[in-house]
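The block underneath contains the structure these notes are about, expressed in structure tokens.
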Amino acid sequence: MKREFAVVGMVACIAVGVLGGWFIPSPIPGAPRASLLDIIQNRGYIIIGTSADYEPFEYMNTSTIPATIVGFDVDMCNWIADKLGVAIQWSDRNFGGLIAACAVGKVDMVAAAMTYTVNRSSFLAASVTYITVGQAVIVRNDSVLTITSLADLEGTNVGVQSGTTLLQQLINASVTTYTEFITVDAMMLALIGGSIAAAYIDEPVFLAWSKTYPLKMILQTGTEDFALWTRYGEPELLYEINNVILDSFLDGRMYDNLEKWLNITVT
Ligand code: ARG
């Protein structure tokens, strides 16, 4: 009998010890967390997700071999990389997949003329916004289409890029006769070739294409603000991104960039 008591006692002691160890925090501290900023600086490059189909913000300069991604957003990203002391590895993706790619860590940051929206900011952390642009319904010069609101597009085959605020606006306006395009290049070629009757796009992109192709704007709907995006829980990186943007307004680089890529002179 005595022996049984001893065994039960031992088992009870072990159980209490194990359970106690489970609940009592360890006095030995864990390794300090490596921030995404540390990781980027240690690896020597930042991975930036974009959709390089959006002149003048990000597009392929095919006159270099290999082709390089250039544009308004690209210059901003170069300032950020310089500030961090790292290079850039561009990750050119479908626009509609950029938010998920950043949220799961395939890219460190997104720079893609991406409008700030409350909905997007539930998935990613936005920078301060850096530019405000108009949204435009565009057609070929020879088109006779006239509209006074987005809703008037119902019945017209209007092209729009997947995953964009522009698509969401068409849906909100109860337009059902739209065609989604993965890339803006494909959409613009469809418009020029006549397989769609109109397209809904950010106005500077229309202005860039209208330098080469006979296009006109038939409606300007509103304006949206663009931000850079990174994942939540990385305040060190977001702080650097925001500082570079704010500094560029203070030292004038942002205004030079507006002039260079959008021909906008701020006086
Ligand atoms: N500004 C729009 C949006 O945020 C369209 C952006 C498309 N960007 C691109 N690189 N294709 O939804």
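Values quoted throughout were computed directly from the atomic coordinates according to the rules given, and no laboratory measurement underlies them. No experiment lies behind these values; they were computed from the predicted model shown. When we count neighbours, we look across all protein chains shown, and the Cβ atoms used for this are built from the backbone with ideal geometry, even at glycine.
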Legend entry - For the chain, alpha-carbon Rg relative to the globular expectation (2.2 N^0.38 Å, N residues): 1.41
Inset, instruction - Could you tell me what fraction of 2.2 N^0.38 Å the Cα radius of gyration of the range 122-180 comes to, as a two-decimal ratio? - result: 1.34
Legend entry - At R0 = 30 Å, FRET efficiency that the Cβ-Cβ distance of residue 43 and residue 65 yields, to 0.05: 0.65
Inset, instruction - Pull out a ≥ b ≥ c, the square roots of the eigenvalues of the alpha-carbon gyration tensor of the range 173-242, then state rounded if a/c is under 1.5, prolate if not and a/b is larger than b/c, and oblate in the remaining case. - result: prolate
Inset, instruction - For the range 127-138, just list the computed ³J(HN,Hα) in residue order, Karplus coefficients 6.51, -1.76 and 1.60, θ = phi - 60°, integers in Hz, with x standing in for Gly and Pro. - result: 7, 4, 7, 10, 7, 10, 10, x, 10, 9, 8, 10
Legend entry - Sum of -39500 (n - 2.57) over DSSP H runs of 4+, divided by residues of the chain (222 nm, nearest 500): -11500 deg cm²/dmol
Inset, instruction - Of the listed pairs 216/260; 83/260; 83/211, which have alpha-carbon separations greater than 32 Å here? - result: 83/211
Legend entry - Simple spin-label estimate for residue 87 and residue 177 in nanometres, 7 Å along Cα-Cβ: 5.1
Inset, instruction - Give me the orientation-averaged projected area of the Cα convex hull of the range 29-147, in nm², one decimal. - result: 11.0
Legend entry - Calculated FRET efficiency for the pair residue 34/residue 157, C-beta based, R₀ 35 Å, to 0.05: 0.10
Legend entry - HN-Hα J in Hz across the range 208-222 - Karplus 6.51, -1.76, 1.60, θ = phi - 60°, x for Gly and Pro: 5, 5, 6, 5, 9, 10, x, 10, 9, 9, 10, 7, 10, 8, x
Legend entry - Cα convex hull of the range 126-267 - mean projected area over all directions, nm²: 9.9
Inset, instruction - Please order 245, 171, 218 by the number of other Cβ within 10 Å, starting at the fewest. - result: 171, 218, 245
Inset, instruction - Evaluate the distance, in nm, between pseudo-label points positioned 7 Å from the Cα of residue 255 and of residue 267 along their respective Cα→Cβ axes. - result: 1.2
Legend entry - Inter-label distance for residue 132 and residue 213, nm, one decimal - labels placed 7 Å from Cα along Cα-to-Cβ: 3.0
Inset, instruction - Would you give the gap between the C-alpha center of the range 210-267 and the C-alpha center of the range 63-137, rounded to a whole Å? - result: 11
Legend entry - Dipole magnitude of the chain, debye to nearest 20 (Cβ charges: Lys/Arg +1, Asp/Glu -1, about Cα centre): 980
Inset, instruction - State which helices in the chain qualify, where a helix is a whole DSSP H run, it must extend 18 Å or more along its own axis by its Cα atoms, and its mean Kyte-Doolittle hydropathy must be at least 1.0. - result: 2-23
